[in-house]
Amino acid sequence: MAFITEEQIQKYRQDGYLVLEGFFSPEECDALRERMAVIVERMDVPLHCRTEFSTEQEEQLKTQGSADYFMSSGDKIRFFFEKGVFDSQGDFLVPRGHSVNKIGHALHASEPVFKNVTHSPKVQELSRKLDFKQPVVVQSMYIFKQPGIGGEVTPHQDATFLYTEPLGRVMGVWIALEDATEENGCLWFIPGSHKTGITRRMVRTPAGTFPRTQFIGSERTYADEKFVMAPVKKGSLILIHGEVVHRSAMNSSNHSRHVYTFHIMESENTRWSAENWLQPTQELPFPSLYT
C-alpha cells in the first residue's frame, strides 16, 4: 500500500502541510491514549508547582524552576500544566487527567508504545517517499487541549524553536488521537508560507543568565483570512513543514483534542543550531527514524 501519492507529495511541497486521513487505525490511537492515561495517573507533580510562594524572590525562583524543568526535558518525560490547576501547596484543583497541557519531550525514546508509532513502518515509508536520507527524531509531545481550558496557540513556525542550517530540514508529524474540529481547536495553516524563511528565533541565553531563553527578531503579523482550517478525523496524520505558519484556537468545546506529535530532521548535511533550547544529550543522541 502506498501511504502517500506523488500528487500528495507535490501538494505538501506547495502548501507546506499535508493531511493524510486514516493513516492510523482507531485501535492504534486508543493504545496511545490508554498508555498516556497510565502515565498521567502515575505522574509526580514537579517541585516548582508544589511550592507555596509569596515574595517576589520566591516567585522568581518558581519561574526559574519552571524554566530549568523545561530546558532539561529533551531526554526525559516531563509534565507541563494548564494555568490555575494547582492550589498554593501544589495540590490539584481539577481532576489529574484534566490538568496537563502537554507532556514531552522524549516519549519516542522512553515509552515503547510511542516509540513503536514513531518508528512504525508506515512513518518510515512516508519519510523515504519524501526523500529523507538520514532522518532523526528530535522531540515528541503529547498535547491534551483540555475541554474548555485548552489554550490558544498563536501563529508560529516550528523552525523558530527548532532551527537548522540550512532551513527546511525539520518536519512535524501530527497525529490526531481524537477528532480535531473547529470547536475543540484544530490546526489552521497559511498555505505556501514556508517559502519565505523565518523572522524570529528562540535562542539559549549565555550560561548562568536568566531567563534561560530569549527571542531574537519578531513574528510577522498575519491576516486572519490567509489561514485555512484543517479539521481532521481521529487517526489522521498531518505533515507540517518547519517553516509553515500555523496556529490553533482555544478549545471552547467540552471535548478534548488529544494529539501525539513528533519532529524529524534530515541530518545529512544539516547543522542543528547549538542555540536551540533543545539539545541532544549523551543519554539521548537524536535517534535515527529508520530502524
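The values are calculated or read from the model by the stated rules, or taken from the named source; none is laboratory data. All of these numbers come straight from a predicted model, not from anything done at the bench. With ideal geometry, Cβ positions are generated from the backbone for all residues, glycine too; neighbour counts draw on all protein chains shown. Side chains are part of the model used for accessible areas, which takes the heavy atoms of the whole protein and leaves out ligands, DNA and RNA. Shrake-Rupley method; radii C 1.70, N 1.55, O 1.52, S 1.80 Å.
For residues in the stretch 179-192 being in contact with a Pro (Cβ under 9 Å, 6 or more places away or on another chain) and open to solvent by 20 Å² or more (accessible area, probe 1.4 Å), which is nearest to residue 248 (Cα to Cα)?
188
From the list 245, 203, exactly one residue is among the β-branched types (Val, Ile, Thr), modelled with pLDDT of 95 or more, within 19 Å of residue 17 (Cα to Cα) and surrounded by 14 or more Cβ atoms within 10 Å (Cβ to Cβ). Which is it?
Just a single option satisfies the conditions, and that option is 245.
Being under 21 Å from residue 48 (Cα atoms), surrounded by fewer than 20 Cβ atoms within 10 Å (Cβ to Cβ) and modelled with pLDDT of 95 or more narrows it down to one residue among 62, 102; which is it?
Unique residue meeting the criteria: 102.
When you scan the stretch 137-178, how many residues do you find that are assigned to a strand (DSSP E or B), of a type in the set (A, V, I, L, M, F, W, C) and open to solvent by 20 Å² or more (accessible area, probe 1.4 Å)?
3
Among the numbered conditions (1) buried (at least 16 other Cβ atoms within 10 Å of the Cβ); (2) more than 14 Å from the chain's Cα centre (by Cα); (3) more than 29 Å from residue 206 (Cα to Cα), tell me where residue 286 comes up short.
(3)
Quick grid of which residues meet (1) more than 17 Å from residue 278 (Cα to Cα); (2) touching a Phe, Trp or Tyr at 6+ places or on another chain (Cβ under 6 Å); (3) among the small types (Gly, Ala, Ser):
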position	(1), (2), (3)
79	no, no, no
87	yes, no, no
93	yes, no, no
116	yes, no, no
128	yes, no, no
131	yes, no, no
142	no, yes, no
148	yes, no, yes
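Residue by residue through the stretch 4-46, note down the ones that are part of a loop (DSSP other than H, G, I, E, B) and open to solvent by less than 70 Å² (accessible area, probe 1.4 Å).
4, 5, 16, 22, 23, 24, 25, 43, 45, 46
Given the residues 118, 199, 164, 205, which is the only one that is among the hydroxyl-bearing types (Ser, Thr, Tyr) and within 28 Å of residue 43 (Cα to Cα)?
118
To keep it simple, each residue is scored yes or no on (1) assigned to a loop (DSSP other than H, G, I, E, B); (2) open to solvent by less than 70 Å² (accessible area, probe 1.4 Å); (3) in contact with a Pro (Cβ under 6 Å, 6 or more places away or on another chain); (4) farther than 30 Å from residue 28 by Cα.
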| residue | (1), (2), (3), (4) |
| --- | --- |
| 194 | no, yes, no, yes |
| 211 | yes, no, no, yes |
| 238 | no, yes, no, no |
| 261 | no, yes, no, no |
| 280 | yes, yes, no, no |
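Quick one: residue 134 ticks every box in (1) open to solvent by 10 Å² or more (accessible area, probe 1.4 Å); (2) modelled with pLDDT under 95 except a single one, so which number is it?
Unmet for residue 134, out of (1) open to solvent by 10 Å² or more (accessible area, probe 1.4 Å); (2) modelled with pLDDT under 95: (2).
For the structure I just gave you, tell me whether residue 252 is out of contact with any strand residue (DSSP E or B) (no Cβ under 9 Å at 6 or more places or on another chain) and open to solvent by 20 Å² or more (accessible area, probe 1.4 Å).
Yes; evaluated as a whole, the condition is true for this residue.
Take the residues of the stretch 71-99 that are more than 14 Å from the chain's Cα centre (by Cα) and among the small types (Gly, Ala, Ser): which is surrounded by the most Cβ atoms within 10 Å (Cβ to Cβ)?
99
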